[in-house]
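Novice: What follows is a structure written as C-alpha cells; I'll ask about it next.
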Amino acid sequence: MTEPATPTAPPEYYRDAPRRAHQLRRWQALAALVPRERGRLLDYGCGYGELTHELAKTHDAIGVDVNPARVAFARREYAPIPFSVCRPDGLDFPEASFDIVTSCVVLPFLKEPATHLAECRRVLRPGGRLLLMTASGDDLRSAARRMLARRSSHFHLRRRVVTGLARDAGFAIEGDTYYYDAFEDNLKNLPDILFGLGNLVLSTLRVRRFANYFVLSLRRP
C-alpha cells in the first residue's frame with residue numbers, strides 16, 4: 001500500500017521557521033485584541049495552523065479549516081494542538097462551546113459571509129468575543145481602482161460592509177486595530193513598489209484609514 005504524501009506548506013509556516021514580516025504584523029494585530037482571560041478558543045479557518053499555535057500558548061485553542069491538506073499539515077507540525085476539518089457551511093460544535101473565536105482573513109473567500117458570522121455567534125457563549133480580521137477594501141490600491149472606475153479585488157472588503165455584516169449577525173463592536181503590508185514582502189512590479197512606498201509612509205504616520213488589514217473585536221451580547 002502506498003503511503004499518503006507528507007503534507008507540505010510554504011517554508012514560513014513550519015513550526016521553527018522564521019516568519020515573514022507580514023505574518024509577524026498579522027500576529028501582533030491579533031494579539032493586541034485577544035482577551036487576556038484564559039478560555040476555550042476556536043480558530044475558525046486556521047489554515048496551516050501557525051496562528052493557532054501562537055494562540056495556544058495562552059488559551060485552550062483548537063483549529064478547524066475546510067482544507068484537508070492544511071489541516072493535515074497543522075496536525076503534524078503543531079501537535080498536540082487539536083485540528084480538524086470543518087464543513088464549508090458550518091461547524092459541528094454545540095451552541096455556546098467557546099469563549100473566543102478567531103476568524104483571520106476568511107470572510108472574503110466565502111459565498112455566504114453572513115452564514116459564517118452566524119456560526120461564530122452560535123458557538124460563542126454569551127459575552128464571548130469574536131476577533132474578525134480581513135483585508136481592507138479601503139486601502140490605497142482599492143481607493144485608486146475606485147477612482148479609475150475599476151473593480152476592486154473580491155479579496156478586499158470595505159470596513160463599512162464588514163461592520164454592517166457583524167451588526168446584522170448580532171455582534172456589538174468593542175474595539176479594533178489595523179496593520180499595513182510590510183514593504184519588503186511585496187515587491188513584484190512597479191505598482192507594488194509605489195503602493196508599498198505609500199503604505200510605508202502612512203504606516204509610519206499611523207494613519208488607519210488606508211491600512212491593508214483591519215481587525216474587529218466583537219462581543220456576543
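The values are calculated or read from the model by the stated rules, or taken from the named source; none is laboratory data. Since we're looking at a predicted model, the values are computed, not measured. Note: ideal-geometry Cβ built from the backbone for every residue, glycine included; neighbour counts use all protein chains shown. Side chains included, ligands, DNA and RNA excluded: accessible areas come from the protein's heavy atoms. Shrake-Rupley method; radii C 1.70, N 1.55, O 1.52, S 1.80 Å.
For (1) within 19 Å of LEU33 (Cα to Cα); (2) open to solvent by 50 Å² or more (accessible area, probe 1.4 Å); (3) out of contact with any strand residue (DSSP E or B) (no Cβ under 8 Å at 6 or more places or on another chain); (4) not in a strand (DSSP E or B), each residue gets a yes or a no:
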{"residue": "ARG167", "(1), (2), (3), (4)": "yes, yes, no, yes"}
{"residue": "GLY196", "(1), (2), (3), (4)": "no, no, yes, yes"}
{"residue": "LEU200", "(1), (2), (3), (4)": "no, yes, yes, yes"}
{"residue": "ARG206", "(1), (2), (3), (4)": "yes, yes, yes, yes"}
{"residue": "ARG209", "(1), (2), (3), (4)": "yes, yes, yes, yes"}
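Novice: Residues that are of a type in the set (Asp, Glu), buried (at least 17 other Cβ atoms within 10 Å of the Cβ) and not in a strand (DSSP E or B): does the range 170-183 have at least one?
Specialist: Scanning the range 170-183, I find at least one residue that is of a type in the set (Asp, Glu), buried (at least 17 other Cβ atoms within 10 Å of the Cβ) and not in a strand (DSSP E or B), so the answer is yes.
Novice: Here's something else I'd like to know. With respect to ALA74, is the statement that it is of a type outside the set (D, E, K, R) and closer than 21 Å to SER217 by Cβ true?
Specialist: Judged against the criteria, ALA74 is not a match.
Novice: Using the structure shown, decide if GLY137 is out of contact with any Ser or Thr (no Cβ under 8 Å at 6 or more places or on another chain), open to solvent by less than 10 Å² (accessible area, probe 1.4 Å) and within 17 Å of ALA166 (Cα to Cα).
Specialist: No: the conditions fail for GLY137.
Matching residues to (1) open to solvent by less than 40 Å² (accessible area, probe 1.4 Å); (2) modelled with pLDDT of 95 or more; (3) not polar (S, T, N, Q):
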| position | (1), (2), (3) |
| --- | --- |
| ARG20 | no, no, yes |
| GLN28 | no, yes, no |
| PRO35 | yes, no, yes |
| LEU42 | yes, yes, yes |
| ASP60 | no, yes, yes |
| PRO68 | no, yes, yes |
| TYR78 | yes, yes, yes |
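Novice: Right, something else. Hey, among the residues in the range 140-165 that are assigned to a loop (DSSP other than H, G, I, E, B) and not hydrophobic (A, V, I, L, M, F, W, C), which one's most open to solvent (accessible area, probe 1.4 Å)?
Specialist: The selected residue is ARG151.
Novice: Tally up the residues in the range 7-25 that are over 14 Å from GLY49 (Cβ atoms) and under 18 Å from the mean Cα position of the chain (by Cα), please.
Specialist: 5
Novice: Quick test of your reading of the structure: TYR13 fulfils all but one of (1) crowded, with 21+ Cβ neighbours inside 10 Å; (2) touching a strand residue (DSSP E or B) at 6+ places or on another chain (Cβ under 7 Å); (3) in contact (Cβ under 8 Å) with a residue 24 or more places away in the chain. Name the failing condition by number.
Specialist: (2)
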